[in-house]
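Notes follow once the structure below has been shown.
The values are calculated or read from the model by the stated rules, or taken from the named source; none is laboratory data. Note that the coordinates shown come from a computational prediction; the quantities given were computed from them, not determined experimentally. Here the Cβ is made from the backbone with ideal geometry for all residues, glycine too, and neighbour counts use every protein chain on show.
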Amino acid sequence: MHVFDNALDQLKEASDGVPELEVVARSLQRPKRVVEVTFPVRLDDGSVRRLTGYRVQYDDSRGPFKGGIRFHPATDLDEVKALAFWMAIKCAVVDVPFGGGKGGVCVEPRDLSAGELERLSRSFIRGIAPVIGQDVDVPAPDVNTDARIMGWFLDEYERVTGRHEPGVVTGKPLVLGGSRGRTAATGQGGLFALAAHLKREGRPLDGVTAAVQGFGNVGHHFARLARQQGCRIIAVSDSRGAVFDRQGLDPDRLSEHKRRTGSVAGVGGSEAISEAELLGAEVDILVPAALENQITPDNVADIRAETVLELANGPTMPEAEKVLIADGRTVIPDVLANSGGVAVSYFEWVQNRQGHYWTEDEVNGRLQELMEAAYAATRDLADEAGLTLRQAAFVLALRRIGQAQEARSL
């Protein structure tokens, strides 16, 4: 099934039979605007390669479109539409004044030199510059993009428009107006959501075990911060391998090994395992932090974790989630669990508009408040109405989007 179909299935499940929500759901069946650009990139050998990129602006009822830009060879329009839709829901769940957007370029960035990557980034942002802006649509990092690339985006946009506008992009380097705490925000936010969930269940974070699928920015920071709070990370994977240690892995050591070798695979003292074995590891918490559609009807029976914390976007297929719920497992959904990134992007945007910047402790304190409030509102609704956390998150988001739409109508 296409990932956008999965997203629409989630929308339908949350709104069916509730007239006021069905009205909102009908407005979210399709994005407001889809931009597809074909743009040139000059390679180091002098040749020119033409690439395709997308910017999907889904809904802006609650504020400017907001969402990351990813560089990945599997990126296509279907994926970007789904991600933009989820961003609209996510911003409403965490209650920041943004709508949903997303962007992507179909490319393997590991095949490019630093110069080629910069030229690609600048060429793409020129292509979408007419439809973005700090009051219109605000991009951010996503898979295979980072603060350095956001700096190129900002610089090229300001060259094209001829004006200084730091709020047009978030996730920037600090020296260009970035926010302290932004790099770790998605992982940190996920940890705050998990801690709130465990507290509601009467369990401490200290002593729980976790397996983390995906050791990019999000997975690394979650694992590092969770370990500091007493969580034992016993399995980790990236796109090139997976490792296991029942006594616990050191995320900082894994990160250094990956920096030197390109993968977590082969880190000293660990056991090599398969991706399937990681997903089926006997742990308290499974953290999919990679790509979409990782937990499927074919492998869901292997999942042994009590709780799935979705730090990736759309990692659990709807049919698989139904099996998990029937087995008594809990899924903390992506639209709640990984919303820390957009929350701190909002903080960065606010700081850019004010010209006043906060300490990391201030950022994390505000993030904790937002994440705990979002979890509490979602959990309270789920308990009250007999819903899953995902269903409750969607209902909460649809209500808030509907309120904005109604306030705008005659």
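For the reader, a short list of remarks on this structure follows.
- Considering Ala392, Ala385, Ala374, the condition of being out of contact with any strand residue (DSSP E or B) (no Cβ under 7 Å at 6 or more places or on another chain), surrounded by fewer than 19 Cβ atoms within 10 Å (Cβ to Cβ) and not acidic (Asp, Glu) is satisfied by Ala385 alone.
- Inclusion of Ala74 among residues that are aliphatic (A, V, I, L, M) and not in a loop (DSSP other than H, G, I, E, B) is not warranted.
Conditions (1) touching a strand residue (DSSP E or B) at 6+ places or on another chain (Cβ under 9 Å); (2) within 22 Å of Ala84 (Cβ to Cβ), marked per residue:
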{"position": "Gly99", "(1), (2)": "yes, yes"}
{"position": "Cys106", "(1), (2)": "yes, yes"}
{"position": "Pro109", "(1), (2)": "yes, yes"}
{"position": "Leu112", "(1), (2)": "yes, no"}
{"position": "Ser121", "(1), (2)": "yes, yes"}
{"position": "Ile125", "(1), (2)": "yes, yes"}
{"position": "Ile128", "(1), (2)": "yes, yes"}
{"position": "Gly133", "(1), (2)": "no, yes"}
{"position": "Val138", "(1), (2)": "yes, yes"}
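- The set of residues from the stretch 105-127 being under 24 Å from the mean Cα position of the chain (by Cα), part of a helix (DSSP H, G or I) and hydrophobic (A, V, I, L, M, F, W, C) comprises Leu117, Leu120, Phe124, Ile125.
- Residue within the stretch 128-145 that is in a helix (DSSP H, G or I), of a type outside the set (Phe, Trp, Tyr), more than 21 Å from the chain's Cα centre (by Cα) and outside the structural domain of Val56 (by TED's automatic domain parsing) present: no
- Pairs, first closer than 30 Å to Ala376 by Cβ in the stretch 162-191, second assigned to a loop (DSSP other than H, G, I, E, B) and aliphatic (A, V, I, L, M), C-beta under 6 Å, six or more apart: Gly190/Leu311
- Note on the stretch 200-225: residues that are within 12 Å of Ile285 (Cα to Cα) and part of a loop (DSSP other than H, G, I, E, B) amount to 3.
- In the set Arg227, Arg232, Arg246, Arg240, only one residue is over 23 Å from Ala193 (Cβ atoms), in contact with a strand residue (DSSP E or B) (Cβ under 6 Å, 6 or more places away or on another chain) and assigned by TED's automatic domain parsing to the domain that holds Val208; that residue is Arg246.
- Meets criteria (in a helix (DSSP H, G or I), in contact with a Gly (Cβ under 6 Å, 6 or more places away or on another chain) and among the aliphatic types (A, V, I, L, M)) for Val344: yes
- Some residue of the stretch 332-353 being hydroxyl-bearing (Ser, Thr, Tyr), modelled with pLDDT of 95 or more, surrounded by fewer than 21 Cβ atoms within 10 Å (Cβ to Cβ) and outside the structural domain of Leu286 (by TED's automatic domain parsing): no
- Hits in the stretch 372-395 - residues which are closer than 19 Å to Glu20 by Cα and in contact with a helix residue (DSSP H, G or I) (Cβ under 6 Å, 6 or more places away or on another chain): Thr378, Leu381, Ala382, Gln391, Ala392, Ala393, Phe394, Val395
- Unique residue being under 22 Å from Trp86 (Cα atoms), outside the structural domain of Val80 (by TED's automatic domain parsing) and either assigned to a helix (DSSP H, G or I) or not β-branched (Val, Ile, Thr) (or both) when the list is Val363, Val308, Val395: Val395
- Among the residues listed as Ser274, Ser237, the single one being of a type in the set (S, T, N, Q), buried (at least 19 other Cβ atoms within 10 Å of the Cβ) and closer than 22 Å to Ala320 by Cβ: Ser237
- Qualifying residue in the stretch 117-133 (condition: small (Gly, Ala, Ser), in contact with a Ser or Thr (Cβ under 9 Å, 6 or more places away or on another chain), within 22 Å of Asn338 (Cβ to Cβ) and free of Cβ contacts under 8 Å to residues at least 60 places away in the same chain): no
- Residue in the stretch 226-244 that is nearest to Val264 (Cα to Cα), counting only those that are modelled with pLDDT of 95 or more and part of a loop (DSSP other than H, G, I, E, B): Cys231
- Lone unmet requirement of (1) farther than 22 Å from Phe98 by Cα; (2) in a loop (DSSP other than H, G, I, E, B) for Lys322: (2)
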